[in-house]
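Undergrad: I have a structure I would like to understand better, so I am pasting it below and will then ask my questions one at a time.
The values are calculated or read from the model by the stated rules, or taken from the named source; none is laboratory data. None of these values were measured; they are calculated from a predicted model. Glycine also receives a Cβ, built like all others from the backbone with ideal geometry; neighbour counts cover every protein chain displayed.
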Amino acid sequence: TPESYVVYMSPKGTPLTQNKVKQLAREIKHLIIICGHYEGLDERIITLCVNEQISIGDFILTGGEIPALALVDSVSRYVDGVLHNSESVEDESFSDGLLEYPQYTRPQEFMGLRVPDVLLNGNHKEIAKWKQEQKILETKKYRPDLLNKKD
């Protein structure tokens, strides 16, 4: 259809980011994903049919099926009704350019490690502040390159 947008999963493509995922979810009505295998796709098909090439990283797989699955999964999370809690997509890693804060469940103590007291006190303002601080610390520790992108 005229509303169709064709993506070819390729190592030559622009890197898939959360911003690109959001853009595709918001702006594209019909997404068609083409997957090459081994040597890829005839260049004429790319020239004639493909709107955009997308890569999921600087490595090679035997085909584009796994990258296509990653694209489908990440975009579909923004479709109404896919997630039980639609607010969760706004409070996850990369939603604001940072990694997500650490997660804790029950029991309150596990093998000598406790859930931080702030998460147990019921003060939502303090919890929100802790979450934001932890997002920055987690990003600094595991993906400092993301902090450089925010500048």
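Undergrad: Check the range 36-51 and report whether any residue there is within 29 Å of Tyr142 (Cα to Cα), surrounded by fewer than 14 Cβ atoms within 10 Å (Cβ to Cβ) and polar (S, T, N, Q).
TA: no
Undergrad: Go through (1) outside the structural domain of Thr17 (by TED's automatic domain parsing); (2) farther than 18 Å from Leu16 by Cα; (3) assigned to a helix (DSSP H, G or I) and name the single condition Leu146 misses.
TA: (2)
Undergrad: While we're here: Let me spell it out: the conditions are (1) within 27 Å of Gln23 (Cα to Cα); (2) assigned by TED's automatic domain parsing to the domain that holds Val21, and Tyr38 meets all of them except one. Which number is the exception?
TA: Checking Tyr38 against (1) within 27 Å of Gln23 (Cα to Cα); (2) assigned by TED's automatic domain parsing to the domain that holds Val21, the one that fails is (1).
Undergrad: While we're here: Can we say Gly64 is loosely packed, with under 12 Cβ neighbours inside 10 Å and among the small types (Gly, Ala, Ser)?
TA: no
Undergrad: What are the pairs, 6+ residues apart or on separate chains, where a residue within the range 66-78 that is among the small types (Gly, Ala, Ser) has its Cβ under 9 Å from a residue that is surrounded by fewer than 16 Cβ atoms within 10 Å (Cβ to Cβ) and in a helix (DSSP H, G or I)?
TA: Ser74/Gln18
Undergrad: Exactly one of (1) outside the structural domain of Lys20 (by TED's automatic domain parsing); (2) more than 25 Å from Gln23 (Cβ to Cβ) is unmet by Leu98. Its number?
TA: (2)
Undergrad: Starting from the range 110-136, keep only residues that are more than 17 Å from Asp96 (Cβ to Cβ), then list their pairs with residues that are among the aromatic types (Phe, Trp, Tyr) whose Cβ atoms are within a distance under 8 Å, requiring at least 6 positions of separation or different chains.
TA: Once the first residue is more than 17 Å from Asp96 (Cβ to Cβ) and sits in the range 110-136, its partners that are among the aromatic types (Phe, Trp, Tyr) give Val115/Tyr104; Pro116/Tyr104; Pro116/Trp130; Val118/Trp130; Leu119/Tyr104; Leu119/Trp130.
Undergrad: Take Leu61 and decide whether it is within 23 Å of Lys20 (Cα to Cα) and either assigned by TED's automatic domain parsing to the domain that holds Leu16 or not acidic (Asp, Glu) (or both). Before you say what the answer is, go through the steps one by one.
TA: Values: within 23 Å of Lys20 (Cα to Cα): yes; either assigned by TED's automatic domain parsing to the domain that holds Leu16 or not acidic (Asp, Glu) (or both): yes.
Against the criterion (within 23 Å of Lys20 (Cα to Cα) and either assigned by TED's automatic domain parsing to the domain that holds Leu16 or not acidic (Asp, Glu) (or both)), Leu61 qualifies.
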